[in-house]
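Just so it is clear, none of the values below were taken in a lab; they were calculated from the coordinates. What you are looking at is a predicted structure, and each value in this text was computed from that prediction instead of being measured. For neighbour counting, all protein chains shown are included, and Cβ atoms are generated from backbone atoms with ideal geometry for every residue, glycine included.
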Amino acid sequence: MTGYCTLGEAMVYALSRTVEDRTLVFHGFGSPLVQLALHLAKHTHAPDMVLVAGATYGVNPTPPFLAPTSNDWVMDRGAEASLRIEELFDLAASGRMGRMFLSGLQIDPWGNANVTLLGDGASAAAQGALPKLKLPGGGGGCNLSCDAERITLWTAGHRSVSGRKGKQFRLVPECDFITNLGHRAVDGTPRRELGHRGQGPDWLITELGVFDFDPYGHLRLRAVYPDTTVDEIREHTDFSPVVADELETVGLPDAEMISFLRALDPLGVHLQELRPEDRERRFDLTG
Amino acid sequence: MSSERHLSVHAASDKRRSLPELAAEVRDGDTVGLGGGLSSREPMALLRELIRQGRRDLRVVGSAHGIDVDMLCGAGAVSVSAQSYVGFEQDFGMAPNYRRTCQSGEVRIDDGCCYTLVQQLRATILGVPFLPVRSVRGTDFETLHSFRMMTCPYTGEELALVPALRPDVSVLHAQYGDERGNLRIEGPPVVDILLAKSSRTVLATVEQLVSTEELHERGGATIPYFYVSAVSEVAFGAHPTACYPFYAYDRPHTAMYYRSAKAGSEVFRAEYLQPFVYDCPHHDQYLERVGGEALRQRLASWKDGPEAWQRLYANDGEVA
C-alpha cells in the first residue's frame, strides 16, 4: 500500500480543501494540479459541487485520464452539459461562480497576480515600450478575479531562482502588471471600494507553504510542509510575509485519495507544473 | 448609414472555394479572429496558406491560443496580438516565436481577456457601440486599453465600457459543412460562433463537406450559412491541433515544432517553416510530409479506448 505522498499530491490536496460543496467551481487551463484538485474534492468532501472544466466548459466531466492539454475531448468525457464561453463568464458576472483558481509569474502581498509581462508596466506597454519578458497572458483571469466569489491562488514556483540578474522572485512586493486583481488595485485603492462581486483571494498554495489573507487583505503564512521552514519561506519571498501566530503543518491526503489521484493522472501530467527538484519530494503518511 | 456600419448577410448558394482562394480573402493589415483554441480545432492549413501568400501586419484576436499565433508570429505575419493567452500550457510552456516577436517590438502587445473579448464581440452582434462589464476595474487592462468608465444611471455602480469589436475576417475550422456554408462544430465551440456573428468576412475550412440533409441528420448547423462568406473542404485542416472525432492532438509534431521555435527564428524558418509550410504549396504535400496515412490512423486511434488514447500522449515531447 501507499506509504507516502508526493509534493504534487500534497499540493493537490491543499488546493482541494479550498473548495466548498454545493458551489459552482471552475478550473482554467494549463493547471493540472487544479484539475486534479477539483476531481479530488468532488470525490471526497464536495460531491455536490458544480465542476466546470476550463477550455471545454464541460459540466461535471469524468475524464478517463488527465490529458496534457486542456482543450482535449479527453477532458470533457462524461460531462452532463457543455457551456458556451459567454455562458461561463456570464455565470461569474452575475454572481453564480463560487470559486476560481488563478496563478501568476508574479504574485504580490495583496494577492494581485501578473501573467502578462515583465517590464515597465501597463502605461509604458500602452505606449509601445518593450517588455523584458512577454508572458503568455491571463486568459479570462482578469475578469474572473473580479467576478468569482472567491479565488484560490497557487504556484509551484515560489522558490526564487538565481540567475545572471540575481535572484528572481515569484512572490514580489509589487507586480509589474496586474493581470488578476487581488485585494488592492493598481492605484492602491482597496478592493472593497471597487464594488466587484467577488471577495478576492482567500488562499495561496505554493510548493513551500500555504497562505491565507489577514483582515487587511495581506498574505499570511498559515502552514509549512513537513520539509519546509518559515526561514526558508522568508528567504524565497521578496517581502516580509505575515506569519500566523499558530503555524500548522500542511495536511496530507490519505491512501485512498492518493490512489484516486494516481489513477486519474497515469501520464503524470501534473509533474510538468513542478520543478524537477520538487518532483522528488515525498512525505511519509504516518498517524 | 454607410454599409460599414452594417454586417452583411452572405446569401449565395454555393460558397465552395479552394484553400488559396479562401486565404486570398484576407488582406494585409486585417484584424483576424482565430477560431478554435489551445490544442484544438485551430485553422492551421488556412494559416499556413496565409503565410505562403506572404500576408503581413495582421492583428490577431481570440481567446486562448497556441501554435497558431506562434507560427504566424514566427513567419512575420503579425503586427499586433490581442489574444488573451498564447502558449503551450504546462505541456511545453511559453510560445517561443510569440515571446520573441513581442519582446523585439515586431508584435505590439494588446492583450485581451476572455470575457472582455466576448463582450466586445457581443456588442457588435447586438449592434451597440459598447457594453458595460463589472470586472476589469483595478487591473492594468484598464490602462492598457484606455477603457472608459461609467456610473450606472440606475444604480450608481461603476462599470467599465468595452468598445464593440468587428473583426475584418475570422478564420474557422469546423468538422462539417455544406456548400452553402452551414457549419457544424462538434465539441467546444470556443469563440467561433461569436466570431462568425461579428465579423465582416467569415472563412471556414471543414473536415468534410456534406449535403445539407446529412448536416441536418448530424444535428444541424452550429453556425448558419448566412454568416459564412466562403468554405473549403480541407481534411486534416487543423493538424497538428486536434479535430475530434477525426483526429487527436499531434503531440510529437507539436514537440518538434516547439523545439525548432525555441532554437531561434532562423532555425525555426529553416527547420519548420521551410519544410512544412513553404515547401508544401498543396495541403496534400503537407499531409504526406507529416506522416500520411499512418499518421491519420495513429491520430484516429483515440477511438479504440482510453489506453489507446493515452498512448498518443505518452513519452513524446518530453521537455526538461
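Before moving on, here are some points about what is shown:
- Annotation for the range B:225-304 versus the range B:3-50: alpha-carbon center distance of 18 Å.
- DSSP beta bridges in the protein assembly as shown [antiparallel fraction, %, rounded to 5]: 45 percent
- Restricting attention to chain A, the count of lysine pairs at 8 or more positions apart or across chains with alpha carbons under 23 Å apart stands at 4.
- Using the Cβ-Cβ distance between B:Ala270 and B:Gln297 with R0 set to 25 Å, the FRET efficiency from 1/(1 + (r/R0)^6) comes to roughly 0.25.
- Calculated [222 nm] ellipticity per residue, helices only, for the protein assembly as shown: -7000 deg cm²/dmol; basis is -39500 (n - 2.57) per DSSP H run with n ≥ 4, divided by all residues, nearest 500.
- Separation between Cα centres of the range A:115-178 and the range A:225-257, rounded to whole Å: 23 Å
- Mean projected area (nm²) of the alpha-carbon convex hull when the range B:1-116 is viewed from all directions: 8.8 nm²
- Listed by chain and number, the aspartates and glutamates whose C-alpha is less than 14 Å from the C-alpha of B:Lys197, apart from same-chain residues fewer than 8 away, are A:Glu86, B:Asp168.
- Using the Cβ-Cβ distance between A:Arg96 and A:Arg192 with R0 set to 25 Å, the FRET efficiency works out to roughly 0.75.
- Protection proxy ranking, peptides A:107-118, A:226-237, B:227-238, A:127-138, average beta carbon neighbours within 10 Å, highest first: A:107-118, B:227-238, A:127-138, A:226-237
- Around the Cα centre of chain A, unit charges on the Cβ atoms of Lys, Arg, Asp and Glu (plus for the first two, minus for the last two) sum to a dipole of about 580 debye.
- Comparing A:Gly200, A:Gly54, A:Gly140 in a Gaussian network model of chain A (Cα springs below 10 Å), the most mobile by mean-square fluctuation is A:Gly140.
- Residue-averaged beta-carbon neighbours from other chains (10 angstrom radius) around B:235-247: 1
- Of A:Asp120, A:Asp176, A:Asp147, the one that fluctuates the most in a GNM where chain A has Cα springs shorter than 10 Å: A:Asp120
- Number of partner chain Cβ atoms within 10 Å, mean per residue of B:197-208: 0
- Phi-derived couplings, Karplus 6.51 cos²θ - 1.76 cosθ + 1.60 at θ = phi - 60°, listed residue by residue for the range A:165-175: 8, x, 6, 9, 9, 8, 9, 10, x, 8, 7 Hz, with x used for Gly and Pro.
- Semi-axes of the equivalent ellipsoid for the range A:120-197, Cα gyration tensor, largest first, Å: 24, 17, 12
- Between B:Asp279 and A:Thr62, the FRET efficiency from the beta-carbon distance, with R0 = 51 Å, is close to 0.70.
- Rounded to the nearest 20 debye, the dipole magnitude of chain B is 560 debye, with +1 charges on Lys and Arg beta carbons, -1 on Asp and Glu beta carbons, and the Cα centre as origin.
- Summarising the amide proton neighbourhood of B:Tyr249: residues at separation of 5 or more, or on other chains, whose placed amide H is nearer than 5 Å comprise B:Ala242.
- Between B:Met150 and B:Glu25, the modelled labels are 3.3 nm apart [label points 7 Å from Cα along Cα→Cβ].
- At 1.002 mPa s and 20 °C, Stokes D of the range B:9-56 from Kirkwood alpha-carbon radius, µm² per second: 176 µm²/s
- The radius of gyration of the Cα set in chain B, together with its Dmax, comes out at 19.7, 63 angstrom.
- In this simple spin-label model, placing a label point 7 Å from the Cα along the Cα-to-Cβ direction at both A:Asp21 and A:Glu277 gives a separation of 4.1 nm.
- Net charge contributed by nearby residues that have their C-beta within less than 13 Å of B:Glu186 (K/R +1, D/E -1): 0
- Peptide A:114-125 shows a mean partner chain C-beta count of 4 within 10 Å per residue C-beta.
- Calculated log₁₀ intensity ratio I(q)/I(0) where the Debye formula runs over C-alpha points of the range A:216-260, q = 0.13, 0.23, 0.24, 0.28 Å⁻¹: -0.39, -0.83, -0.87, -1.04
- Positive minus negative residues near A:Val172 (Lys, Arg vs Asp, Glu; Cβ under 12 Å): -2
- Choice from A:Ile258, A:Ile151, A:Ile85 showing the highest fluctuation, given a GNM over chain A with Cα pairs closer than 10 Å: A:Ile85
- Backbone geometry of the range B:31-39 corresponds, through the Karplus equation with coefficients 6.51, -1.76 and 1.60 at θ = phi - 60°, to 3J(HN,Hα) couplings of 7, 10, x, 9, x, x, x, 6, 9 Hz, x marking Gly and Pro.
- Remark: the range B:31-84 carries a charge dipole of roughly 120 debye about the Cα centre, counting +1 on each Lys and Arg Cβ and -1 on each Asp and Glu Cβ.
- Peptide ranges A:69-77, A:27-35, B:75-83 listed from the most packed, as the mean C-beta count within 10 angstrom indicates: A:27-35, A:69-77, B:75-83
- Dividing the Cα radius of gyration of the range A:4-273 by its Kirkwood radius returns 0.95 for Rg/Rh.
- The protein assembly as shown - Debye-derived log10 I(q)/I(0), Cα point model, q = 0.06, 0.10 Å⁻¹: -0.29, -0.85
- The value for the range A:197-277 of Rg(Cα) / (2.2 N^0.38 Å) is 1.30.
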